[in-house]
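I have placed the structure first, in the form of structure tokens, so that the comments after it can refer back to it.
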Amino acid sequence: MTNWLPLEADAETISRQFPQPLMALAEGTVPALVLRGAHPAADCIQLMARFEERGYFSQDTLVKESQLSGGPYLDLGTSLGRVGADREKFFAHAERTHALFPRLFDGLADPVQTIYRNLNLLAGGKSVQTAKEPDGRRYGPAIFRIYHGEQGHRAHIDSVRRRSKAGYAVGRFTHQFAGVLCVQKGTVGGEPTLYRAKGEGEIEGVLERGEFGTYAEAHDLPRVQIELDVGDLYFFYTENVHEVPLVVRDRTRVVLAVFVAMSPEDEQIFVWS
Ligand SMILES: O=C(O)CCC(=O)C(=O)O
Ligand SMILES: [Fe+2]
């Protein structure tokens, strides 16, 4: 149990070690795949400057906290969890994100491409694409999450399949993961913690009651904290309990995140936010 450690390597090396790297995450062989320096740090810094210039960090320009999705933190992009209750609104919002992102990244390395390119190398030959419905409507490609001050993300799991979001195509897949690229490193200690515990059975109630911290201590659950530097990218299984601690940050944490869904027997891997 003590050797539940992230695998740190580049995508090619990881896929030589595991023919199906995502299944190694789903089966809990490793808690996370950590790709250091996946995106140029200089481009992350320039992107941050662009955000500040355009006022994207002001509390009023971004989608605000929703208790339903484990906030508080701010989003720049389209969140199925936050907007998906209204399908029309969700797909219209996603189109605006598809229009905005290329303008945002103009002249810089595209961080969405960095995530998709690396995921492709970890896909075990499957085809990676932004999630879409049978009628062709696209989901958001990725989302920036901005953690100011004391913001975080309480212990939770992410599973569209289990939350059965009213008939969304991504609900058909067996396994769900996240990919997270660090755009600005926040205060140390506020980095995500992953637990070796699926959010099912008695743990569901524990999460709902907000008692997971005590439970994890009492059961001595294996856990890892993933410390990221600017440009580092990591992937993990979101059906394991995880959290972004609510520490006091003197530096805002900014990440670009995607969800990823796959089934062993399905040739497609869907990516969305
Ligand atoms: O930011 C992270 O590292 C993880 C965030 C997370 O769990 C989520 O967005 O659902
Ligand atoms: Fe999550």
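Remarks
- Of all residues in the range 32-57, those that are under 16 Å from residue 145 (Cα atoms) have Cβ atoms under 6 Å from Cβ atoms of residues that are open to solvent by 60 Å² or more (accessible area, probe 1.4 Å) and hydroxyl-bearing (Ser, Thr, Tyr), 6 or more apart or on another chain, in 55/61.
- Listed conditions (1) in contact with a Gly (Cβ under 8 Å, 6 or more places away or on another chain); (2) within 16 Å of ligand 1 (Cβ to nearest atom); (3) not small (Gly, Ala, Ser) are all met by residue 170, apart from (1).
- When we screen 238, 252 for residues that are within 11 Å of ligand 1 (Cβ to nearest atom) and touching a strand residue (DSSP E or B) at 6+ places or on another chain (Cβ under 7 Å), the only hit is 238.
- All conditions in (1) more than 14 Å from ligand 1 (Cβ to nearest atom); (2) without any contact (Cβ under 8 Å) to a residue 12 or more places away in the chain hold for residue 198, with the sole exception of (2).
- Of all residues in the range 227-246 being over 21 Å from residue 25 (Cα atoms) and open to solvent by 30 Å² or more (accessible area, probe 1.4 Å), the one that is nearest to ligand 2 (Cβ to nearest atom): 246
- When the range 3-50 is filtered for residues that are part of a loop (DSSP other than H, G, I, E, B), of a type in the set (A, V, I, L, M, F, W, C) and open to solvent by 30 Å² or more (accessible area, probe 1.4 Å), the ones remaining, listed by number, are 5, 18.
- Summed over the range 255-273, residues that are within 10 Å of ligand 1 (Cβ to nearest atom) and in contact with a helix residue (DSSP H, G or I) (Cβ under 8 Å, 6 or more places away or on another chain) total 4.
- One residue stands out among those in the range 185-221 that are among the aliphatic types (A, V, I, L, M) and closer than 13 Å to residue 155 by Cβ: the one that is surrounded by the fewest Cβ atoms within 10 Å (Cβ to Cβ), which is 221.
- For residue 179, the requirement of being near ligand 1 (Cβ under 10 Å from one of its atoms), open to solvent by less than 10 Å² (accessible area, probe 1.4 Å), part of a strand (DSSP E or B) and not aliphatic (A, V, I, L, M) is met.
- Options 254, 258; residue that is in a strand (DSSP E or B), among the hydrophobic types (A, V, I, L, M, F, W, C), closer than 23 Å to residue 43 by Cα and at pLDDT below 95: 254
- Between 214, 193, the distinction of being more than 25 Å from residue 116 (Cα to Cα) and of a type in the set (Ser, Thr, Tyr) belongs to 214 only.
- Selection status of residue 224, touching a Gly at 6+ places or on another chain (Cβ under 9 Å) and open to solvent by 10 Å² or more (accessible area, probe 1.4 Å): no
The values are calculated or read from the model by the stated rules, or taken from the named source; none is laboratory data. Model, not experiment: these values are computed from the prediction. No Cβ is skipped: glycine too gets one built from the backbone with ideal geometry, and neighbour counts run over all protein chains shown. Surface areas here come from the heavy atoms of the whole protein model, side chains and all, with no ligands, DNA or RNA. Shrake-Rupley method; radii C 1.70, N 1.55, O 1.52, S 1.80 Å.
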